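A.B. asks: The structure follows.
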Amino acid sequence: MATNFDFLKRIDKPLFDIISEAEKLYRDEYFDQCMTQTRRFGENVCKNVLGARAEGNFDNMLATLKDKGNSFEQEKEFIQDLYFLKKHGNESAHSLRVKKSGMEALECLQRAFEVAINYCVYAKKSDSDILKLRYDTELLVTGEKSKKTLAEKYKEQKAKSNKPKPVKQSYTMNTKTKKTGISWFWIFVCISCVITTLLFASMFIAIKFF
């Protein structure tokens, strides 16, 4: 099954195994466990970056990493992301109540993604093309890479939004229906004929007897 961290597999397999498990936990809706796993990932990344200087717990290693840093913007973001993973991982691990926070877990995965990219490019000197990668939530949920490019998705969405909607007519045309049966005009003619006939008959009888 494909993951957002496939680029990491060929560079550091143990780290890939840790973070790919975090994505699986998220997909199965184990959000707290997912955050704990991203913390584990961050701690091991920190340990790998420090190498022989890695001593003590995660807090100590982060402090060492911060002290030894060169104050580059990319390095600051890298350390901030690691602090974020540590904080949320600790909260999820020591919480007495399962929060099931999907949004927090997703942000942890996204932060771990940025950490993995920086680790590969700046610590492992991998191809800088990795910096162009973006976290794909669709891939996270489905475990399958979309065959459509980002540009194709954008054009498809734009076409849907620009599709003209049917306009409702402001008036309704009256349609004439064909009348069935005898019209009132012919009923009136028939009644008039009957009355006229009766009148003539009455006159004829009156003349005959008088």
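The values are calculated or read from the model by the stated rules, or taken from the named source; none is laboratory data. Remember, it's a predicted structure, so these values are computed and weren't measured experimentally. Note that each Cβ is placed from the backbone with ideal geometry, even for glycine, and that neighbours are counted across all protein chains shown. All accessible areas refer to the heavy atoms of the entire protein, side chains included, with ligands and DNA or RNA removed. Shrake-Rupley method; radii C 1.70, N 1.55, O 1.52, S 1.80 Å.
A.B. asks: Identify the single condition in (1) open to solvent by less than 20 Å² (accessible area, probe 1.4 Å); (2) in a helix (DSSP H, G or I) that T3 does not satisfy, given that it satisfies every other one.
C.D. replies: Only one criterion is unmet by T3, namely (2).
A.B. asks: I need the helices (runs of 4 or more DSSP H) fully contained in the stretch 25-143, keeping only those with at least 3 residues that are out of contact with any helix residue (DSSP H, G or I) (no Cβ under 9 Å at 6 or more places or on another chain) and in contact (Cβ under 8 Å) with a residue 12 or more places away in the chain.
C.D. replies: none
A.B. asks: Just a yes or no: is a residue in the stretch 48-61 closer than 26 Å to L140 by Cβ, among the aromatic types (F, W, Y) and open to solvent by 60 Å² or more (accessible area, probe 1.4 Å)?
C.D. replies: Checking the stretch 48-61: not a single residue is closer than 26 Å to L140 by Cβ, among the aromatic types (F, W, Y) and open to solvent by 60 Å² or more (accessible area, probe 1.4 Å).
A.B. asks: Then there is this: Listed residues E23, E43; which is open to solvent by less than 30 Å² (accessible area, probe 1.4 Å) and of a type in the set (D, E)?
C.D. replies: Going through E23, E43 in turn, the sole match is E23.
A.B. asks: Within the stretch 82-94, identify whether any single residue is surrounded by fewer than 23 Cβ atoms within 10 Å (Cβ to Cβ), aliphatic (A, V, I, L, M) and more than 24 Å from L139 (Cα to Cα), and answer yes or no.
C.D. replies: yes
A.B. asks: Name the single residue that is modelled with the highest pLDDT among those in the stretch 121-164 being within 22 Å of R27 (Cα to Cα) and either in contact with a strand residue (DSSP E or B) (Cβ under 6 Å, 6 or more places away or on another chain) or open to solvent by 100 Å² or more (accessible area, probe 1.4 Å) (or both).
C.D. replies: R134
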